[in-house]
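The values are calculated or read from the model by the stated rules, or taken from the named source; none is laboratory data. Here the structure is a predicted model, which is why all the values come from computation and not from measurement. Heads up, the Cβs are rebuilt from the backbone with ideal geometry, glycines too, and the neighbour counts pull from every protein chain shown. SASA here: full protein model, heavy atoms, side chains in, ligands and nucleic acids out. Shrake-Rupley method; radii C 1.70, N 1.55, O 1.52, S 1.80 Å.
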Amino acid sequence: MPTEPPMEPQRWDPNRRHSLEIPVESPTWETPQAVPGGNRPATSLFDKSGAPGVIITKTEQLFAQARLCSLWPLTFGLACCAIEMMSTYMSHHDLGRFGVLPWPSPRQADLMIVSGTVVKKMAGPLRLLYEQMPDPKWVIAMGSCATNGGPYYRSYSVVMGVDHIVPVDVYIPGCPPRPEALMEGILRLQEKIKQDARVRGKGKG
């Protein structure tokens, strides 16, 4: 069986030319050599309007658009639903692409995600954290336990739904719900924020 000759080490030479040639100047999008597509940004919606660079909207809807695209949730994980909530932020689902970034402090958070069994002992701390959050703020009840007590129905130590403690905006059923369910709940909350701003903005210029 023929064997290949061993590779001889090449002596380092500062003047040796490499086979890969890298152009110094890359073609720009204004040159004829430009290839359409790629990383070229799309035309802005503001430029497609009748008056480019001008937008007319109501302040309530403008603020709501900023809020729904940058939710900072205070993740209040208590039981098995918290594992599903944590996996939603991992690379497979990547909740951060929706602009939802977890925040451990209630001082800057505007969304509370209650995931897990809320016992009566935790009702006080949960209410305290909710009151420390600045307005406007929203609450998502994730899982059957946070929604209505789950399998601990009429238990002596479990709260039959977190809505007995704080107002809830979106309920996510399941025991435990999958990460896709939480993502759907976030999208429903974003739609609710937009609808509420539309209702509040009626009659305002």
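Where helices (runs of 4 or more DSSP H) sit wholly within segment 118-205, those with at least 2 residues that are farther than 28 Å from Gln65 by Cβ and modelled with pLDDT under 90 occupy 123-132, 144-148. Listed conditions (1) surrounded by 15 or more Cβ atoms within 10 Å (Cβ to Cβ); (2) touching a His at 6+ places or on another chain (Cβ under 9 Å) are all met by Gly161, apart from (2). Every test in (1) at pLDDT below 80; (2) within 26 Å of Ile193 (Cα to Cα); (3) not aromatic (Phe, Trp, Tyr) is passed by Pro36 save one, and that test is (2).
Is it true that some residue in segment 86-93 is more than 14 Å from Met183 (Cβ to Cβ), open to solvent by less than 40 Å² (accessible area, probe 1.4 Å) and in contact (Cβ under 8 Å) with a residue 24 or more places away in the chain? So far as segment 86-93 goes, no, none of its residues is more than 14 Å from Met183 (Cβ to Cβ), open to solvent by less than 40 Å² (accessible area, probe 1.4 Å) and in contact (Cβ under 8 Å) with a residue 24 or more places away in the chain.
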